[in-house]
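A short worksheet on the structure shown next.
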Amino acid sequence: MTTTLPTADQLREEVRAWLAAEWTGLGPAEDRWSTTPERVAWLEKVVAAGYAVPTWPVEWSGRAYPAELADAIAAEFEAVGAPGARQDKYSIPANTVLAFGTEKLKNDLLHDVLTERSRTCLFYSEPGAGSDLAGVRTTAVRDGDRWIVNGQKVWTSGAKTADYALLIARTDWDVPKHKGLSYFVVPMRQPGVDIRPLVQITGEAHFNEVFLTDVEIPADYLVGEEGKGWRVLQTALAYERSIMGDGARASRHGSIADDLVELARERGRLADPVVRDNLATVLALRELNALNNARAKAAAEQGTSSSVMSLGKLAMSGILHAEGRLRTDIAGPETLLAGAVNPVADDVNFLALNAFFTSIGGGTDQIQRTIIAERVLGLPKEPEVDRDLPFRAVRRS
């Protein structure tokens, strides 16, 4: 049976009326690493209405809509500041599990992830692998109806509050490094998961190093096929880079430092020709990056290469660095001050320091340049002397 789709205008009217009846706000801004009962209750409504993942199949809380209609839903939610819509565009765990997970894993995880009843983190990077995600040495060994994991991960955001982790681990040491990897969902609330915070230059500790000792994973929590984890990882990374290419983190105090034009006007620097030139450059780069991200997401939704998302990831890194320099220049000597009693200076310094995170998280700037060179521009691949060696024979760093 063919279902007639609504027009974009009809759908906007429907969503607008639904929001008018249901959306009453969530109170003060929340910490990005925590979820309140009020937020969970709201997200339950969004999922039940089919607005959370509108492009997904109906049996998984979707509406089977094309991307254009799904974007109309997101636009109405954005207009009133309501969260939860269009997670089919940005949720790393939900989209990865939907694409590759077992039926049990989908049933166990998808609803709770979409409603934030369960939080997730990423077990990718390792101390000895650097930016080479195929060089991981954390092992997963099959033992009956479970996998046993041992190893160490680092730079894990949100590990302290996560219920599950998305893990890339080595399951075969006798094949080349990209072919011996498998992808898992790890239950975090169990013995053997040792989380140790890493304090950042901003004074926060959102990152962690995690030690895994005889950690158990149900066999059904293997995502994709054994030994085919590299393919799954690339899908997950595409969503992560898309998110990081979309925008920056807000300031600590939510002060005027978030808006460069207003900051320049407030400080009497808006007429300064050098400030205006740098400001125009940053604003132009923001607009260019938004257009590139739209291009990348359209390609991904059509099932084509997502490598162009690396352009957005790299561009956002450069934009944040440029914004950090410009804010510091506009604020001037006041940036020598700090603390809540100096909110503008504190935010300027915070955003300048936090800008460096985007150059590392989700793949370093250097990795993005290599991806762009090889997969977007078609330049020769960078030599990898260990690419075709059995991983057991690869020299350790």
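The values are calculated or read from the model by the stated rules, or taken from the named source; none is laboratory data. Note that the structure is a prediction, hence the values are computed from the model and not measured. Every residue, glycine among them, receives a Cβ derived from its backbone with ideal geometry; neighbour counts consider all protein chains shown. To get the accessible areas, we keep the full protein, side chains included, count just its heavy atoms, and leave off ligands, DNA and RNA. Shrake-Rupley method; radii C 1.70, N 1.55, O 1.52, S 1.80 Å.
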Return the residues of the stretch 196-234 that are of a type in the set (V, I, T), over 11 Å from S182 (Cβ atoms) and outside any strand (DSSP E or B); say none if nothing qualifies.
V199, I201, T202
Check G81 against each of (1) under 26 Å from G224 (Cα atoms); (2) without any contact (Cβ under 8 Å) to a residue 60 or more places away in the chain; (3) in contact with a Gly (Cβ under 9 Å, 6 or more places away or on another chain) and name the one condition it does not meet.
(1)
Which pairs have Cβ atoms under 9 Å, sit 6 or more apart or on different chains, and link a residue in the stretch 356-371 that is at positive phi to one that is in a loop (DSSP other than H, G, I, E, B)?
G363/S131
Criterion first (of a type outside the set (K, R), open to solvent by 50 Å² or more (accessible area, probe 1.4 Å) and out of contact with any helix residue (DSSP H, G or I) (no Cβ under 6 Å at 6 or more places or on another chain)) does W155 satisfy it?
yes
Of all residues in the stretch 196-239 being exposed (fewer than 15 other Cβ atoms within 10 Å of the Cβ) and β-branched (V, I, T), the one that is farthest from the chain's Cα centre (by Cα)
T213
Name the one entry in T304, T281, T328 that is β-branched (V, I, T), modelled with pLDDT under 90 and open to solvent by 40 Å² or more (accessible area, probe 1.4 Å).
T304
Filtering the stretch 137-168 down to residues that are among the small types (G, A, S) and outside any strand (DSSP E or B) yields G144, S157, G158, A159, A162
Residues in the stretch 357-371: is at least one assigned to a loop (DSSP other than H, G, I, E, B), of a type in the set (G, A, S) and either within 19 Å of L181 (Cα to Cα) or open to solvent by 70 Å² or more (accessible area, probe 1.4 Å) (or both)?
yes
